[in-house]
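Have a look at the structure below before the remarks.
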Amino acid sequence: MTVIRLAILAVFALGVGNAQANTLSGDEIRDLIEGKRIFLQVPLGGEFPLYYQRGGQVTGDGTALGVGRFFAPRETGRWWIDGNQMCQQWPTWYNGRPFCFTIQQTAEDRIRWNRNDGRSGMARITD
């Protein structure tokens, strides 16, 4: 195959991969995360677990990552849907500042999140 054909195939493959990332509506976000555990990928490896409970509570637990030296390792806050975004707020984490996220589903058990301050990342979902 020529280099041009390989380049065209690579662009096509990337386009198909991006087309499969489905930006979710508020109802779809609720259906996807409510009652589930979300494991956020962290920059230096590992995962940070969050449990999105029915009724709007979310619990984060970073004790396995050793984050206790930086902030309270475990905290329960609240989450809610606002339009097509999932929002959450912690009592002390991030100084109690609320954040909202758009969510793209990239696979059955994988998401890409984009926070309203420009940060983004990947996560996996389990029951």
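Of the residues making up segment 19-36, at least one is modelled with pLDDT under 50, exposed (fewer than 12 other Cβ atoms within 10 Å of the Cβ) and not in a loop (DSSP other than H, G, I, E, B).
Asn84 meets the stated requirement of being modelled with pLDDT of 95 or more, surrounded by fewer than 16 Cβ atoms within 10 Å (Cβ to Cβ), touching a helix residue (DSSP H, G or I) at 6+ places or on another chain (Cβ under 6 Å) and not hydroxyl-bearing (Ser, Thr, Tyr).
Among the residues of segment 107-123, some residue qualifies, meaning at least one is at negative phi, polar (S, T, N, Q) and under 11 Å from the mean Cα position of the chain (by Cα).
For segment 69-125, filtering for residues that are outside any strand (DSSP E or B), free of Cβ contacts under 8 Å to residues at least 40 places away in the same chain and not polar (S, T, N, Q) leaves 17.
The values are calculated or read from the model by the stated rules, or taken from the named source; none is laboratory data. Quick caveat: nothing in here was measured; it's all calculated off a predicted structure. FYI the Cβ positions are ideal-geometry reconstructions off the backbone, even for glycines, and counts take in every protein chain you see.
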